[in-house]
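Participant: One structure coming up, written as structure tokens, with questions to follow.
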Amino acid sequence: MTYTRDGGDLGRSGATVTVVMPTYNEAANLPRITELVLGQPVPGLHLKIVDDSSPDGTGRIAEELAEKYNADRPLGQRRMSVLHRVEKDGLGRAYAAGMSAALAEGAQYVVQMDADGSHPAEALPRMLRAAVEADAGLVVGSRYVDGGSLDEEWGWHRKALSRFANGYARTVLGTKGISDITAGFTMWRADVLTAVDVTSLDSAGYSFQVELKYKAVRGGCRAVEIPIRFEERTEGESKMSLGTQIESAMIPLRLRRRYRGM
């Protein structure tokens, strides 16, 4: 797998960065996180909401916000868009749909970001700067490099479980170059996503994050990490079910078997 970059120093001008943000029942969080994201000084910044038919009206609120932020803007300069999906069938598939749409629309960088306020929007300029300066195909907002941290509201057992899951996945997959392989806050260069082909990945849930990084790094993608503080969600309930945790535990072994010898 080879990656080819097209473009100059996008950190100075002309960058086209699309933040892909899957939502399900995030009506209480969406107005605030939208304002935070679109308030960042990133050239060509666009927010794409991917809503899985949320029963709490998240999709409708997203459309209203898009109308507000796109007011009086020509088609090619709209700041926000909404992709509606007919069912809730996994975070990974929602990301695959949103990322594919962003690439088709010409995004040069694509960001994965949660809608619950746990990922710091103010880190977006730092991510773009790191991508450009390091010529990196992947920038990870990491909890586990120097300067990174987890919210104090997380109990010691939850922190220990998070660190164990991350260490387990890194050990099984042999991904020494990324400290936070389970991170959900990432910026991707378009050529890397195109080469990886996000629609070809097996993972439907949270383990999509691990599979995508693993496949990219195996293909020679240069990855860098920047420290972030991971916050507790501001409103609503976590989507991390028992089934999701089981899938996340099994995916490293499945990935190692699938890609062995490739």
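Participant: For a quick check: with amide H placed at 1.01 Å from N, whose amide H comes under 5 Å from Thr23's, ignoring anything fewer than 5 positions away on the same chain?
Facilitator: It is Val50, Asp51, Asp52, by chain and number.
Participant: What distance in nm separates the simple spin-label points at Asp89 and Ser200, each placed 7 Å from Cα in the Cβ direction?
Facilitator: Roughly 2.0 nm, to one decimal.
Participant: While we're looking at this one, here's another question. Using 7 Å Cα-to-Cβ label points, what is the Glu63/Ala134 separation (nm, one decimal)?
Facilitator: Computed distance between label sites Glu63 and Ala134 equals 4.1 nm.
Participant: I would also like to ask the following. Taking amide H positions as placed in the peptide plane 1.01 Å from N, state which residues far from Leu45 in sequence (5 or more) or on other chains have amide H under 5 Å from it.
Facilitator: Under 5 Å from the amide H of Leu45: Val17.
Participant: Rounded to whole Hz and in sequence order, give me ³J(HN,Hα) for region 179-193 from the Karplus expression 6.51 cos²θ - 1.76 cosθ + 1.60, θ = phi - 60°, writing x for Gly and Pro.
Facilitator: Running phi through 6.51 cos²θ - 1.76 cosθ + 1.60 with θ = phi - 60° gives 6, 10, 5, 8, 4, x, 10, 9, 10, 10, 7, 4, 5, 5, 4 Hz.
Participant: Same structure again: Probe of 1.4 angstrom, ligands and nucleic acids ignored: what's the accessible area per residue over region 79-133, in square angstrom?
Facilitator: Computed with neighbouring chains in place, this is 37 Å² per residue.
Participant: What nm distance separates the two modelled labels at Arg73 and Arg126, each placed 7 Å from Cα along Cα→Cβ?
Facilitator: 2.5 nm
Participant: On full extension of the chain, what length is gained from Arg229 through Glu105, given 0.36 nm per residue of separation minus the C-alpha to C-alpha distance?
Facilitator: Details: separation 124, 0.36 × 124 = 44.64 nm, distance 3.09 nm.
Roughly 41.6 nm would be gained on extension.
Participant: Using +1 at the Cβ of each Lys and Arg and -1 at the Cβ of each Asp and Glu in region 41-109, identify which of Leu47, His84, Ala62 lies farthest towards the dipole's positive end.
Facilitator: Working it through, the farthest residue towards the positive pole turns out to be Leu47.
The values are calculated or read from the model by the stated rules, or taken from the named source; none is laboratory data. Quick caveat: nothing in here was measured; it's all calculated off a predicted structure. Ideal geometry is used to build each Cβ from the backbone, glycine not excepted, and the neighbour counts take in all protein chains shown. Surface accessibility is based on the protein's heavy atoms, side chains included, excluding ligands, DNA and RNA. Shrake-Rupley method; radii C 1.70, N 1.55, O 1.52, S 1.80 Å.
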